[in-house]
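My questions all concern the structure below.
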Amino acid sequence: MSKTRNKFSPETRERAIRMVYEHRADHASEWEAMTSIAGMIGCTAETLRRWCREEASRRTGPAAQAADEKARIKLLEREVKELRRANEILRKASAYFCDGGARPPREMMMSFIDAHREDLGIEPICRELAVAPSSYREHAARLADPARRPARARRDDGMREHIKRVHENSFGLYGSRKVWHQLRREGISVARCTVERLMRSMGLAGIRRGKKTVTTVSNPKAPCPLDKVNREFRVARPNALWVVDFTYVHTWAGFVYVAFVIDAFARRIVGWKVSTSATAGFVLDALEQAIHARSPVPDDGLIHHSDRGVQYLAMNYTQRLAEANLVPSVGSVGDSYDNALAETINGLYKAEVIWRQRSWPSVSAVEMATLRWVHWYNEHRLFGPIGYIPPAEAEANYFAAIETLDMAA
C-alpha cells in the first residue's frame, strides 16, 4: 500500500475550496484561512490556493459572486446575533450561581476571614464559621511562607497545571483515564487516583456519551453480501477491513447527515462526508475519499463492511466497490453488534463534537467542526483499544516495524 497521498478526490477538492470561502471571515486573511484548512485536509497551502484560483476562474461572473457573498454575509450576521444573545444570557445567569454546597469550601472561608479579620476579629469569625483559630493561623503562615505548605500540596499545584493543559488540549474531552495516559506518554509520573482527585477538585470532567439512535433503513427483499466479519473487528494490518456508517445532526435548517469510513486496524477515519440528504451518492463520496487516500490494491483483499442500509446496497455503490477491488460484507439481521466499530466512532463524534453545542446553525458549521475533529482524532486523540496512542501513530509504528523486518531480512 502506498504510504503517501499522491492525489485528492474531486469531492475533497470541492470541499476544501468551499470551506475557504465560507470561513474566510474567521481568519485575518485568505492565505491564513487556506493555511489552516490545508493543514487539516492534508495538502499544502499553495495547492489549496491554486485550487481556489482555478475555481474562481470557472465562476459564471460578478453577479453570481455578489449573490454568494450576500448570502454568506447574511449567514454570518445571523450567527453573530445568536452568539451575542447567548453571551448575554450567560452573563446574566452567572450572577445566580456560586461554588460550594451547604458548607462553603475551606478556601472560601479562609478568604472571608482574611477580608474581615480587621473589622470583626479572628476569634469571633472562626467561632461562627466553626473553624479552629489555629487552622487559620497556619493558613496565614503558609501564605507568608509557601515553603511551610505540605509537600503534597506543592506537588498538587504543579500537577494541576499539567492536568489543565492536557484537558484543554483535548478540547475538554478527556476524562481522568485519558489525562493520566497522556501524562505518562509525556514522562510525567503520577498515580491515576491523584489525577482523579485533582480533576474533581478543579471541576474538570471528560465527555460522556448518551443514548444511541438507530438510523439504518433496510430493505429485506434486497439481495446483499454475506457477513465476512462476524464481529471480528481486530485486523493485523491497515487496508484489511473498512467499516462504514453514517449518523445525523439537527441544525436550524433541518437534518444534516455525516458519513464515515474507518480503517479497523488503527480505527483511523480515512473518508468522511457531510450532506443535507442521506442518499447513496452521499455515502459514495465518503468512499471515494477513502479510496483516493489509501489506494487499495487487489492483493490487499480489503473487506468493506456495512449495515443493511439501502444506501450501502445501492447499485452504484456496489459497482464502485467492485471497481476498487473491495470485498463487500454486510452485517446480519437483528444483530445489534454487526457494525459495532462504526457505531462506536459515530458515538464518539456525537459526544465529542455535536452534543457539546446546544444547536448548530448550518451544514457549513457542522462541516468545519467535523474537519477539525477528524484531524484531531486521527493525529492526536488517544485511543484505548490500540494502546492509548493516536491512530496515525499506530499506523506509523506498523510501517516502521515492517521496514525494520525488511532491512533485517
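The values are calculated or read from the model by the stated rules, or taken from the named source; none is laboratory data. Given the structure is predicted, the values throughout are model-derived calculations rather than measurements. Don't worry about glycine lacking a Cβ; one is built from the backbone with ideal geometry, like all the others, and counts go over all protein chains shown.
Going by the conditions given, is N346 buried (at least 21 other Cβ atoms within 10 Å of the Cβ) and touching a Gly at 6+ places or on another chain (Cβ under 6 Å)?
Working: buried (at least 21 other Cβ atoms within 10 Å of the Cβ): yes; touching a Gly at 6+ places or on another chain (Cβ under 6 Å): no.
No.
Identify the residue in segment 110-148 that is at pLDDT below 75 and basic (K, R) and, among all such residues, is nearest to the chain's Cα centre (by Cα).
Once the filter is applied, the top-ranked residue is R117.
All but one of (1) within 28 Å of R208 (Cβ to Cβ); (2) surrounded by 15 or more Cβ atoms within 10 Å (Cβ to Cβ); (3) aromatic (F, W, Y) hold for W355; which doesn't?
(2)
Output the residues belonging to segment 262-288 that are aliphatic (A, V, I, L, M) and part of a loop (DSSP other than H, G, I, E, B).
If the condition is that a residue be aliphatic (A, V, I, L, M) and part of a loop (DSSP other than H, G, I, E, B), then A264, A266, A278 are the ones that fit.
A further question on this structure: Within segment 26-41, how many residues turn out to be surrounded by fewer than 16 Cβ atoms within 10 Å (Cβ to Cβ) and more than 16 Å from E367 (Cα to Cα)?
Residues meeting the conditions: 6.
Something else about it: Kindly list, by first and then second residue, each pair from a residue in segment 287-308 that is closer than 14 Å to A240 by Cα to a residue that is among the small types (G, A, S) and in a strand (DSSP E or B), limited to pairs with Cβ atoms under 7 Å and residues at least 6 apart or on different chains.
Matching pairs, first to second residue: A290/G271; I303/S329; H304/S329; H305/S329.
Same structure, new question: Can you name every residue in segment 252-261 that is assigned to a strand (DSSP E or B) and either of a type in the set (A, V, I, L, M) or within 16 Å of the chain's Cα centre (by Cα) (or both)? Even if it seems obvious, please write down each step before you answer.
Looking only at segment 252-261, we keep the residues that are assigned to a strand (DSSP E or B), and these are 254-261.
Within segment 252-261, V256, V258, A259, F260, V261 qualify.
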